[in-house]
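For reference, the structure is listed below as structure tokens.
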């Protein structure tokens, strides 16, 4: 049998881990085992994404046959997508996950079924969001309000344009430095007020 591990989390330094610690202590007494110190992963950090040191350390530590205990799903993640990602990672490594609140264990047939259902719910939610976005864009276009995505800011654009205008770099080099295509680079020149002649010579915008 593998190791028994727990992961507990609160969202800020002001919050207390004691309630979750007590839940793990009660579990260990009931089941007749103790969590070793090296098997306790605790942190005070937001669960909005997976960028959490103790979570990542725990995911790297666990091995096939281990079981990870959590007090509830929200301790692993506030995002259904991230929760599924974490659970699937553990399942693929042969690691069990037991949630005390939800009475959930991914190593059981019921747990695997629930994991599949969560995946379907997540995909359903994403599809609804996509449909709403498309409907919103369609309505905005009909009202003449949709202008497309705003162009992202490009660091050093003015400097690169100046170098290109002075023929110190080629358009290919300018696009490479900015991380964009040649066509996008010319498009940006036009937005800045430059005129581009047939031979790709640019004329600076007239000063006011």
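For this structure, a couple of remarks:
- Hey, residue 44 at negative phi and without any contact (Cβ under 8 Å) to a residue 24 or more places away in the chain or not: no
- Whichever residue in segment 89-109 is in a strand (DSSP E or B) and at pLDDT below 90 and, among such residues, is farthest from residue 39 (Cα to Cα): 104
To keep it simple, each residue is scored yes or no on (1) part of a helix (DSSP H, G or I); (2) assigned by TED's automatic domain parsing to the domain that holds residue 15; (3) surrounded by 11 or more Cβ atoms within 10 Å (Cβ to Cβ).
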| site | (1), (2), (3) |
| --- | --- |
| 74 | yes, yes, yes |
| 78 | no, yes, yes |
| 87 | yes, yes, yes |
| 111 | yes, yes, yes |
| 126 | yes, no, yes |
| 129 | yes, no, no |
| 133 | yes, no, no |
| 136 | yes, no, yes |
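- Only one of the numbered conditions (1) part of a strand (DSSP E or B); (2) within 22 Å of residue 118 (Cα to Cα); (3) in contact with a helix residue (DSSP H, G or I) (Cβ under 8 Å, 6 or more places away or on another chain) is violated by residue 55, and that is (1).
The values are calculated or read from the model by the stated rules, or taken from the named source; none is laboratory data. Please read these numbers as outputs of a predicted model, since none were measured by experiment. Because the Cβ atoms are built from the backbone with ideal geometry, glycine has one as well, and the counts that use them run over all protein chains shown.
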